[in-house]
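To start, the structure itself, in structure tokens.
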Protein chains: 2
Amino acid sequence: MKAPKSEETQTRARVSPSTQTATLAEIARQAGVSAPTVSKVLNGRADVAPATRTRVEELLREYGYRRRRAEATRSPLIDLVFHELESAWAMEVIRGVENVAREEGLSVVLSESAGRLTPGRTWADQVAARRPHGVVLVLSGLDESQRALLTSRSIPFVVMDPAGDPGADVPSIGATNWQGGLAATRHLIELGHERIGAISGPSRMMCSRARVDGYRAALETAELPVDPELIKAGDFHHETGYRLGLELLRRPDRPTAIFAGNDLQALGLYEAARELGLRIPEDLSVVGFDDLPVARWVGPPLTTVRQPLMEMAEAAARLVLDLGRQEGAGGAATSVELATSLVVRSSTGEPPAV
Amino acid sequence: MKAPKSEETQTRARVSPSTQTATLAEIARQAGVSAPTVSKVLNGRADVAPATRTRVEELLREYGYRRRRAEATRSPLIDLVFHELESAWAMEVIRGVENVAREEGLSVVLSESAGRLTPGRTWADQVAARRPHGVVLVLSGLDESQRALLTSRSIPFVVMDPAGDPGADVPSIGATNWQGGLAATRHLIELGHERIGAISGPSRMMCSRARVDGYRAALETAELPVDPELIKAGDFHHETGYRLGLELLRRPDRPTAIFAGNDLQALGLYEAARELGLRIPEDLSVVGFDDLPVARWVGPPLTTVRQPLMEMAEAAARLVLDLGRQEGAGGAATSVELATSLVVRSSTGEPPAV
């Protein structure tokens, strides 16, 4: 099916060759559909057959088609995508994005990429169809085709706490994880600990690598040996803290202090210590990371590295909305790390007398 | 501006007088806009002036206009509204709704009514404009005009854990709160406790009333006195558990056991007991309500009444989607209470010897 000649001319007349490599009518011709059908796909209308939508989307992507007047046709939504929806950690992030969304009269669409580090293919098509003001990705990233699809629709995106290495051109908001690991471990060294273990999150995540590197740097600058046997990598769950905690604490030369990768792991470690009859902090000092509300509530209250999760989420939401407003302004990507800080409570103390 | 005669006739011809009290063209005439403008409002298009949208929305509401073919024009969204977004409690609910949404290829739009028991006016208009498959309200309800607006758009809604009294015609999913309060208190009575206190959630919330009533019923059927001085109503936060816990535990005739309105209050109570040097369970037995993940992690692990939050949220999401599919089928509202169950851990034991 060919688009009528007059429409093609009209479309082409409005196109600026610098931003547009194919007209709507050309894409329609290649896809074998009418120009209004391409329009429907562009506008996210529901009455297009899935196969047609896919074919048109592919051509739009291929030609780097850029929609104009994105502002006018945006839905009052902001997309928030999690690697996994779990724990009070995610709740802090949700609250931060909700705060900004409420101020701006937007609603938040929540998705979970179900443990994968990039959301599924359907997800990107749905986002393109619903045209949010922007996308905040938490501990996850986008693949090339997803980035191209969002870019073609002028939908900006920001990564919060990048999981992998998002690339220098991706705007991101993080926390000073390395500094946090350094501060936590220095606190333990100052208390007199010399055998300090570490339980970390997954090593494929940059934030957990950075924390362990900070721990290592603290030991090295204090001229204490780094014993690889005392560093255990797991994931960010309670269960890991418990299991790896038991491994570390059952050693004949067990550490007198452990830096956990996050608060949930620290709570798992509490459980392991309880099971082995070790008192915190008398027999074992524990430092967590995050400062979730629960850190104050456990017994003893947890010494931890606070990262300002709600503020980070607010910053990510504000950044993505700003990017949407400066559409086409280009410019360098913005990457910001908010400061972490050590919060000393009652789970750390001097090492036991030998 | 009058709608053209031909269009009016055409519109009217498709209208069934039983469900429709005003045609689109009549509404357009009254609003002083064109019929296509009314269509745009109905279809949630962005290119309508806010004042016009409001005027048209009001007329649509007034005339109880019902959209036809709601299925075809729905967005692949499901709305989830919280009274307040806080704590791991909300996270369990979000995960349940996400599970169902993912199965159905839908995305979840999250809103918070910022502590009010009904979401704001703007919220309802936004929902009407984005046309989700349905709305799940958590611990909140809708006022008359909001219900009318959603009903006019054939957008079904379900209340999870109704806060007030949602009315017999509102579909709802809850838990057997009364049974839970009964089971928790009977457990304490069986251990030998006779002075049992209660810290409850807000009395305007039906779920917290039901829990306290179950507590009272357990005492009465065991022929133990109900001492109103030992029943403290607060809200569902940690802080309340701490503050009211101190009040109860500082009494000269302090209770030997306390039934907390939820797990967060129980954790606050732990803190109060710690501060006063009381050991759990040797000096004080504590029962919570919810069974959040953290209940297993605290020391000592918390005896609590489990309510299947994720399953309740899944049931609410499935119910609202089912209601959307049976559109117009009418029928009685569905209200379901899922079973609660007592989970005995280490925070309850025999009362201290006098």
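The values are calculated or read from the model by the stated rules, or taken from the named source; none is laboratory data. The shown structure was predicted, so the numbers you read here are calculated from the model rather than taken from an experiment. Cβ placement follows ideal geometry from the backbone for every residue including glycine, while neighbour counts extend to all protein chains displayed.
Here are the numbers for this structure:
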{"item": "Residues of the stretch B:130-146 satisfying the condition of being closer than 27 Å to B:M206 by Cα and either surrounded by fewer than 20 Cβ atoms within 10 Å (Cβ to Cβ) or modelled with pLDDT of 85 or more (or both)", "result": "B:G134, B:V135, B:V136, B:L137, B:V138, B:D143, B:E144, B:S145"}
{"item": "Test: residue in the stretch A:159-174 that is under 25 Å from A:R254 (Cα atoms), assigned to a loop (DSSP other than H, G, I, E, B) and in contact (Cβ under 8 Å) with a residue 40 or more places away in the chain", "result": "no"}
{"item": "Criterion: in a helix (DSSP H, G or I), touching a residue at least 40 places away in the same chain (Cβ under 8 Å) and of a type in the set (D, E) - qualifying residue of A:E311, A:E271, A:E350", "result": "A:E311"}
{"item": "Matching residues, the stretch A:82-129, being of a type outside the set (V, I, T), farther than 25 Å from A:M205 by Cα, surrounded by 21 or more Cβ atoms within 10 Å (Cβ to Cβ) and modelled with pLDDT of 90 or more", "result": "A:E98, A:A101, A:L106, A:S107"}
{"item": "Check on A:L248, assigned to a helix (DSSP H, G or I), surrounded by 17 or more Cβ atoms within 10 Å (Cβ to Cβ) and more than 14 Å from every other protein chain (Cβ to nearest Cβ)", "result": "yes"}
{"item": "Residues of the stretch A:293-315 satisfying the condition of being among the aliphatic types (A, V, I, L, M) and either surrounded by fewer than 20 Cβ atoms within 10 Å (Cβ to Cβ) or within 24 Å of A:I78 (Cβ to Cβ) (or both)", "result": "A:L309, A:M310, A:M312, A:A313, A:A315"}
{"item": "In the stretch A:203-242, the residues that are part of a loop (DSSP other than H, G, I, E, B) and crowded, with 17+ Cβ neighbours inside 10 Å", "result": "A:M205, A:G234, A:D235, A:F236, A:H237"}
{"item": "Complete set of residues in the stretch A:52-81 that are within 20 Å of A:V33 (Cβ to Cβ), crowded, with 19+ Cβ neighbours inside 10 Å, at pLDDT 80 or above and not β-branched (V, I, T)", "result": "A:L59"}
{"item": "Single match in B:A233, B:A260, B:A218 (criterion: within 32 Å of the chain's Cα centre (by Cα) and within 14 Å of chain A (Cβ to nearest Cβ))", "result": "B:A260"}
{"item": "Output for the stretch B:34-48, where each listed residue is surrounded by fewer than 17 Cβ atoms within 10 Å (Cβ to Cβ) and either modelled with pLDDT of 80 or more or of a type in the set (K, R) (or both)", "result": "B:P36, B:R45"}
{"item": "Residue that is farthest from A:L309 (Cα to Cα), among those in the stretch A:251-268 that are touching a strand residue (DSSP E or B) at 6+ places or on another chain (Cβ under 6 Å) and not in a helix (DSSP H, G or I)", "result": "A:P255"}
